[in-house]
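Below: the structure, in structure tokens.
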Amino acid sequence: MYSINPTKTKAWKALLEHRKDIEKIHLRDWMKDDNRFSTMHVKIKSVLLFDFSKHRINEKTVKLLEDLFNECKVQSSLEDQLSGGKINVTEDRSVLHSVLRDPDIEPLIIEGQDVREISKIESQRMYEFAEKVRNGSIHGYTGKKFKNIVNIGIGGSDLGPKMAVNALKPYSKKGLKFYFVSNIDGSDLNECLLQVDPQETLFIVASKTFTTQETMTNAEVAKKWMIQNMGDVDSIKKHFIAISTNHENVSKFGIKKENIFRFWDWVGGRYSIWSTIGMALCISIGSDNFKKFLNGANLVDKHTREKPFKENIPQIMAALGIWYRNFLNATTYAVLPYDQNLDRFPAYLQQADMESNGKSMDRDGNHVNYSTGPIIWGEPGTNGQHAFYQLIHQGTELIPTDFIASIFIKHPYKDNHEKLLSNFLAQTKALALGRKNADSPFRKFEGNQPSSSLIFNKMNPFSLGALISLYEHKIFYQGVIWNIFSYDQWGVELGKEMAKTILPEIQGAGIDETHDPSTKGLLNHIRDLSNRADNN
Ligand code: F6P
């Protein structure tokens, strides 16, 4: 992939100059232009409308950001990714999650295998399995149908399926309940096990590596629980399936071959919802809907590959993020779904975005001299309006936001929905325009807080696929501009390693005297209290 320090580009320098002009202008002034909306929105037919007119930009800003994209060769970097180049250099891997959602892809050989072929076979296996769970022809050890699906996984092996199953609740098969156990905190699994009947419970152990401490610990406890309840080790063969790249470890765990679903190194954990990691979602919404979910993502893949910058939604999203982060010094970016079923979407995006672009080394191993990924956060509206919106409206931070909503609904409460949408519009308007004249300084609103609006026709499997794909591409483009490796995640390793060495100390082994004083003091405190007889 082409590597350039973005601050060395002509466009970057021009943007720094241009910022001085933009800073003088308030969104109130931009909004006096009647053509503002018509020139600053993009539609993807019958799916969504993306409005970016409530941003602190003008045509020149858009042009300069486009120049930046061109100088950093963003489009050719996308082609490097899609053609299977090992763009995840530090892990020596290709990045091909988009293959999983492309029905027309040409044969593509990676490490001796046609990724198109192997992924089709595996998806087909997932579809067949999911359908059999749904119709009861695959059932538990005692012959009872599965009513509870428990996904044990963490990070990318949890957040994607959990978010998507939630988002598409209206499409879920009646009578099935979904649980997502991720935390090493035993109360997570305990809460779940207290609620489910083992005879009716299918565990999906989802782990790319099949070594992750949280997942392996929880899976072992669940396995013991199942064997204890059924009185037969063989029950594991009926009640456990695995999604993993590590077949050796899965087999050792005791899961039978037919119940192992593969994915590959070229699918990153946080980009794996399109693979067999989507099993819980596929069981929930069925294979036809799952295919629609993939098609929605594929539509956006094509859109972003083909459209010029000004009509290219992920590129504009990425460019706006760069503009605020690097030129107007925004440190955070809020994602606010006006859709209760999308309540896990901000958490999902936190991993997708922050694990990808939370980097400070450029692709040549030098410390960057510019800011990279912002803090991503958010909660569904209207809940946030009665909480943290205060700070966005009247605090001291510039906080760009994405507002997400749909027009058509799957519940019968039209009045609720009209009120939801009126709040959506009111908030984006209030943030942009503020209130100049008020009877007291405390009731004034500065305004000038920018937002994008993503309005879907309806939130169905197709739209959800499109929504996720928009953000995946946005994240990729930003990583290209920041000249960082978006597809590795070395920053999560150090804490894991330290936890491994501290565990024996918690369990009673001698305490390492070379620990820093704080860690040593806390360790002693934990051990002292844990050893007390009255610990109940
Ligand atoms: O710790 C971070 C991470 O490696 C994520 O990138 C990944 O999604 C998660 O852990 C889970 O990993 P696995 O699927 O291998 O259990």
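The values are calculated or read from the model by the stated rules, or taken from the named source; none is laboratory data. Everything numeric here is computed off the predicted structure, so don't read it as measured data. So basically every Cβ, Gly included, is an ideal-geometry build from the backbone, and we count neighbours across all protein chains shown.
Under the condition of being closer than 21 Å to Leu328 by Cα and among the β-branched types (Val, Ile, Thr), which residue from region 351-382 is surrounded by the fewest Cβ atoms within 10 Å (Cβ to Cβ)?
Out of the qualifying residues, it is Ile375.
Determine if region 500-511 includes at least one residue that is among the aliphatic types (A, V, I, L, M), within 20 Å of Met216 (Cα to Cα), within 13 Å of the ligand (Cβ to nearest atom) and in a helix (DSSP H, G or I). Quick ask: steps written out before the conclusion?
Of region 500-511, the ones among the aliphatic types (A, V, I, L, M) are 502-503, 506, 509, 511.
Next, only the ones that are within 20 Å of Met216 (Cα to Cα) stay: 502-503, 506.
Okay, now just the ones that are also within 13 Å of the ligand (Cβ to nearest atom), so none.
The answer is no; no qualifying residue exists.
Just to be sure I understand, how many residues within region 200-212 are near the ligand (Cβ under 9 Å from one of its atoms) and either touching a Lys or Arg at 6+ places or on another chain (Cβ under 8 Å) or of a type outside the set (Phe, Trp, Tyr) (or both)?
Filtering region 200-212 for residues near the ligand (Cβ under 9 Å from one of its atoms) gives 206-212.
So of that shortlist, the ones also either touching a Lys or Arg at 6+ places or on another chain (Cβ under 8 Å) or of a type outside the set (Phe, Trp, Tyr) (or both) come out as 206-209, 211-212.
Total meeting the criteria: 6.
Which of the residues spanning region 244-286 are small (Gly, Ala, Ser) and within 13 Å of the ligand (Cβ to nearest atom)?
Filtering region 244-286 for residues small (Gly, Ala, Ser) gives 244, 251, 254, 268-269, 272, 275, 278, 280, 284, 286.
Ser244, Gly268, Gly269, Ser272, Ser275 - these are the residues of region 244-286 that are small (Gly, Ala, Ser) and within 13 Å of the ligand (Cβ to nearest atom).
Would you call Gln449 part of a helix (DSSP H, G or I), polar (S, T, N, Q) and within 26 Å of Met40 (Cβ to Cβ)? Steps first, answer last, please.
Numbers: part of a helix (DSSP H, G or I): no; polar (S, T, N, Q): yes; within 26 Å of Met40 (Cβ to Cβ): yes.
Here the answer is no, as Gln449 does not meet what is asked.
Just checking, which of Ser83, Ser76, Ser98, Ser172 is buried (at least 21 other Cβ atoms within 10 Å of the Cβ) and touching a residue at least 24 places away in the same chain (Cβ under 8 Å)? It would help to see each step written out before you state the result.
On the way: Ser83 fails: buried (at least 21 other Cβ atoms within 10 Å of the Cβ); Ser76 fails: buried (at least 21 other Cβ atoms within 10 Å of the Cβ); Ser172 fails: buried (at least 21 other Cβ atoms within 10 Å of the Cβ).
Result: Ser98 is the single residue among Ser83, Ser76, Ser98, Ser172 that is buried (at least 21 other Cβ atoms within 10 Å of the Cβ) and touching a residue at least 24 places away in the same chain (Cβ under 8 Å).
Any chance region 76-85 includes a residue that's more than 30 Å from Glu311 (Cα to Cα) and either modelled with pLDDT under 95 or assigned to a helix (DSSP H, G or I) (or both)? Lay out the reasoning, then the answer.
The first filter runs over region 76-85 and keeps only residues more than 30 Å from Glu311 (Cα to Cα), leaving none.
There is no residue in region 76-85 that is more than 30 Å from Glu311 (Cα to Cα) and either modelled with pLDDT under 95 or assigned to a helix (DSSP H, G or I) (or both).
Within region 388-446, work out how many residues are β-branched (Val, Ile, Thr) and exposed (fewer than 11 other Cβ atoms within 10 Å of the Cβ). Give the derivation first.
If we filter region 388-446 for residues that are β-branched (Val, Ile, Thr), which is where we start, we get 392, 396, 399, 401, 404, 407, 409, 428.
If we keep only those that are exposed (fewer than 11 other Cβ atoms within 10 Å of the Cβ) too, we end up with 396.
Number satisfying all stated conditions: 1.
Considering only region 287-302, I want to know if a residue exists there that is surrounded by fewer than 24 Cβ atoms within 10 Å (Cβ to Cβ) and outside any helix (DSSP H, G or I).
Taking every residue of region 287-302 in turn, none turns out to be surrounded by fewer than 24 Cβ atoms within 10 Å (Cβ to Cβ) and outside any helix (DSSP H, G or I).
List every residue pair whose Cβ atoms sit under 8 Å apart, with the two residues 6 or more apart in sequence or on different chains, where the first one lies in region 209-226 and is over 15 Å from Val150 (Cα atoms) and of a type in the set (Phe, Trp, Tyr) and the second, anywhere, is near the ligand (Cβ under 10 Å from one of its atoms) and not in a loop (DSSP other than H, G, I, E, B).
Phe210/Met216; Phe210/Ser244
For the structure I just gave you, tell me whether Asp114 is farther than 25 Å from Lys208 by Cβ and surrounded by fewer than 23 Cβ atoms within 10 Å (Cβ to Cβ). Steps first, please.
Details: farther than 25 Å from Lys208 by Cβ: no; surrounded by fewer than 23 Cβ atoms within 10 Å (Cβ to Cβ): yes.
When the stated conditions are applied, Asp114 does not pass them.
Residue pairs, Cβ under 9 Å, 6 or more apart or interchain, first in region 156-167 and within 9 Å of the ligand (Cβ to nearest atom), second among the basic types (Lys, Arg) and outside any helix (DSSP H, G or I). List them.
What qualifies is Gly156/Lys208; Ser157/Lys208; Leu159/Arg344.
Only residues that are hydroxyl-bearing (Ser, Thr, Tyr) and within 17 Å of Ser119 (Cα to Cα): list them for region 238-262, please. Talk me through it step by step, then tell me what you get.
Kept after step one, since they are hydroxyl-bearing (Ser, Thr, Tyr), are these residues of region 238-262: 244-245, 251.
Ser244, Thr245, listed by residue number.
Could you check region 134-153 and list, in sequence order, the residues that are without any contact (Cβ under 8 Å) to a residue 60 or more places away in the chain and either of a type in the set (Ser, Thr, Tyr) or within 16 Å of the ligand (Cβ to nearest atom) (or both)?
Hit for region 134-153 is Ser137, nothing else.
Kindly indicate whether any position in region 33-43 is hydrophobic (A, V, I, L, M, F, W, C), at pLDDT 95 or above and part of a helix (DSSP H, G or I). First the steps, then the outcome.
Step one: filter region 33-43 for residues hydrophobic (A, V, I, L, M, F, W, C), giving 37, 40, 42.
So of that shortlist, the ones also at pLDDT 95 or above come out as 37, 40, 42.
Narrowing further to those that are part of a helix (DSSP H, G or I): 37.
Taking every residue of region 33-43 in turn, at least one turns out to be hydrophobic (A, V, I, L, M, F, W, C), at pLDDT 95 or above and part of a helix (DSSP H, G or I).
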